[in-house]
Amino acid sequence: MVTPPEGDDRDVVEILGADRPQFRERWRGLSRRSRVTIAASACVAVLGGVLGYVVENRPPPPPPDPAAVTTARITEVGMPDHLSPEFPVTLRVTADSRVMFTGMAGGYDNLLLWGMPAPGTALVPGQARTLHTRFNVFCHGHAPRRGMPLLILIVRNERGEGRAQVVPTEAQFDRIGQAVRKACRK
């Protein structure tokens with residue numbers, strides 16, 4: 001507290017910092033270059049924070065189509081035993097991302113898919129699975145056409161269900177034709 005001058009009976013209270021310039025006065029006191037630099041730096045910091053937040057909190061990309069990441073190829077086509085109308089087929093299946101094998105369907109009218117592998121097999125990226133199945137030949141149907149899928153694998157992931165087609169090679173198609181002819185000889 002400051003003592004008042006002689007003859008003044010009131011107490012004078014001094015407020016510390018009252019004579020400091022306000023923000024607006026200090027801002028105007030800066031050079032134009034300094035103000036532009038400070039404003040640009042603040043905008044960059046805010047924009048960087050907003051972009052960082054958006055990048056960090058964006059939703060994950062959707063999983064790929066399950067049929068597009070599944071590759072299946074026929075590794076062996078067997079012949080029917082004696083008078084049996086059935087012949088075995090062995091497949092090798094791989095996937096580029098995790099999918100679940102849920103079933104299989106036949107692709108030809110005169111070949112009935114008989115023995116199927118158990119559904120629910122997980123196909124993990126980097127690992128190949130061997131699936132064994134059997135076909136029962138229906139001799140009164142049309143001959144299988146080249147280029148048509150022998151099997152359709154039904155696979156599923158978080159995106160949904162997909163159908164991966166298994167088309168035999170020319171040599172495998174010839175082998176399937178031999179198996180159909182042998183089964184239909186009786």
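Here are the numbers for this structure:
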| item | result |
| --- | --- |
| Some residue of region 163-185 being open to solvent by less than 70 Å² (accessible area, probe 1.4 Å), at pLDDT below 85 and part of a loop (DSSP other than H, G, I, E, B) | no |
| Of all residues making up region 105-121, the number that are within 22 Å of the chain's Cα centre (by Cα) and not hydroxyl-bearing (Ser, Thr, Tyr) | 2 |
| Within region 134-166, considering residues that are among the charged types (D, E, K, R) and touching an Asp or Glu at 6+ places or on another chain (Cβ under 9 Å), the one nearest to residue 113 (Cα to Cα) | 134 |
| Criterion (farther than 14 Å from residue 176 by Cα and acidic (Asp, Glu)) met by exactly one of 65, 109 | 65 |
| Count of region 44-88 residues which are outside any loop (DSSP other than H, G, I, E, B) and either open to solvent by 50 Å² or more (accessible area, probe 1.4 Å) or at positive phi (or both) | 14 |
| Qualifying residue in region 88-100 (condition: in contact with a Lys or Arg (Cβ under 6 Å, 6 or more places away or on another chain), without any contact (Cβ under 8 Å) to a residue 60 or more places away in the chain and within 13 Å of residue 176 (Cβ to Cβ)) | yes |
| Enumeration of residues in region 68-89 that are at pLDDT 90 or above and of a type in the set (Asp, Glu) | 76 |
| Pairs, first on the phi < 0 side of the Ramachandran plot in region 28-43, second among the β-branched types (Val, Ile, Thr), C-beta under 8 Å, six or more apart | 30/38 |
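Residue-wise test of (1) among the small types (Gly, Ala, Ser); (2) touching a strand residue (DSSP E or B) at 6+ places or on another chain (Cβ under 7 Å).
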| position | (1), (2) |
| --- | --- |
| 24 | no, no |
| 33 | no, no |
| 42 | yes, no |
| 55 | no, no |
| 77 | no, yes |
| 90 | no, yes |
| 107 | yes, yes |
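The values are calculated or read from the model by the stated rules, or taken from the named source; none is laboratory data. Quantities reported herein were computed from a predicted structural model and do not represent experimental measurements. Neighbour counts run over all protein chains shown; Cβ positions are idealised from the backbone, glycine included. We work out accessible area using only protein heavy atoms, side chains counted, and drop any ligands, DNA or RNA first. Shrake-Rupley method; radii C 1.70, N 1.55, O 1.52, S 1.80 Å.
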